[in-house]
Amino acid sequence: MLVPLVTHPAYSYAFPVQHRFPMDKFGLLHRYLREQGLAGSEHTFRPGRCKEALINLAHCANYVSDFIGGRFTAQQERRMGLPWSEGLVRRTCISPAGTLLAAHLALKHGVACHLAGGTHHAHRDFASGFCIFNDLAISALALLRYTALKRILIFDVDVHQGDGTARILEQEPRVFTCSIHCEKNFPARKACSDLDVNLPVGMEDAAYLAVVADTFSQLLEEVKPDLILYDAGVDVFAGDPLGLLNISLQGIAERDRSVLSLAASAGIPIATVIGGGYDRDQPALARRHAICIEQAFAVFAKA
């Protein structure tokens, strides 16, 4: 089958080249997938701007309007980690709709991949760690409100804990949040997900893959979700400047293949987002993010 992909040209906009956040990676990822024959027009979808009413399911209305209106203080912008601009507002207001669209496509096709998303450090009323609106929380809460879904699993393997996701959803029992992350990495003050798996600095492929597969298998059995939102961050890579784990490219591929295969075997729809990855070599980083999409094609071609 052709895996549905979701992306938007606004995800990569004019951005300071010296900044540590690799804003070009989203466009480069889409270009690479086109070059590989994996992103044809017939199965690539473009989201619109997310309605503020949906964003407000996960965020304080005043916080949302202050960001959109450019009224952040200097302290708020420092914590956000990104320079405010109209381009940032546009991409930030589209990306949650992209994850929500991917979720709807996954419910229809079994799988879908958003070529952005995973902004799991965004809290209800403040931005943090390059994350402003929490697409995972927004999508989960919107799906619970407007569809017949009863149980959602957010499975987050980004190297950093999904602290914003955990705190926004801590009072929502229908969403199970799991974060598998490096224990000594950002954020310094961790939240409490429904399940946190703390990994030691320098962990390598074999131990890492066992933890991910065992944890995911257990959650499928215990949570019995109607949908999985999978944050497939590649900042676990050994060469990532913000990572601290020691996972190879093959390890990332095996991780994603394992998660996708287990979801497919269980018949549970899965929507993927790309999460973190911070290499200064952005074409190489885009190829790293493409691994999850490549594995989705490989797994679901056989499903």
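No lab work stands behind these numbers, since they all come straight from the coordinates. Bear in mind that the values here come from a model prediction, so they are computed numbers and not experimental data. Glycine gets a Cβ as well: all are built from the backbone with ideal geometry, and neighbour counts include every protein chain shown.
Miscellaneous remarks
- Packing, taken as the mean count of other beta carbons within 10 Å per residue, orders the peptides 252-263, 143-154, 118-129 from highest to lowest as 118-129, 252-263, 143-154.
- Cα gyration tensor shape of the chain, rounded if a/c is under 1.5, else prolate or oblate by comparing a/b with b/c: rounded
- Gained length - ALA210 relative to ARG78, 0.36 nm times residue gap less alpha-carbon distance: 43.8 nm
- Only lysine pairs 8 or more places apart or on separate chains count here, and in the stretch 5-302 those with Cα atoms under 27 Å apart total 10.
- A Gaussian network model of the chain, with springs between Cα atoms under 10 Å, assigns the largest mean-square fluctuation among ASP194, ASP158, ASP231 to ASP194.
- Only helices reaching 24 angstrom along their own axis (Cα) with mean Kyte-Doolittle hydropathy no lower than -1.0 count here, and for the DSSP H runs of the chain these are 86-109, 205-223, 249-266, 282-302.
- Chymotrypsin sites (Phe, Trp or Tyr not before Pro) restricted to DSSP loop in the stretch 30-99 with at most 14 other C-beta within 10 Å: none
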